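So the structure is just underneath, and the comments pick up after that.
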Amino acid sequence: MAKRGRKPVYRDISCPSCGSNHVVKNGKVTGRQFYLCRECGRKFVEGAKHRYDRSVRERALRMYANGMSMRAISRVLQVPLGTVFTWIKRYGGKSAQSS
Ligand SMILES: [Zn+2]
């Protein structure tokens, strides 16, 4: 993929569908900023309710760093396995730290 001039990641915005922060701006409609998730392709509006809080994601990553399986994390936090997988795939390497 060629580099583009725009920034691909907006860390304060996360996809309400998969929880990824890998979203790009996708135009404005009636003054509201729309975003497109690069991870799952979902379009959503700024301020859309996230299905999962950032703290839930961080807990999931910490549990994973401490050796829990994705399946176990999914069950404990009641987050779909696919969502846990997305979080770990996307954030597991850098932000999960064992404590
Ligand atoms: Zn998404």
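The values are calculated or read from the model by the stated rules, or taken from the named source; none is laboratory data. All values reported here derive from a predicted model rather than from experimental measurement. Ligands, DNA and RNA are excluded from the accessible area calculation, which covers all protein heavy atoms including side chains. Shrake-Rupley method; radii C 1.70, N 1.55, O 1.52, S 1.80 Å.
Residue count for segment 1-46 under the criterion of being open to solvent by 50 Å² or more (accessible area, probe 1.4 Å) and modelled with pLDDT of 85 or more: the result is 9. Criterion applied to Gly93, Gly67 was being over 13 Å from the mean Cα position of the chain (by Cα), modelled with pLDDT of 90 or more and open to solvent by less than 90 Å² (accessible area, probe 1.4 Å), and the one residue passing it is Gly67.
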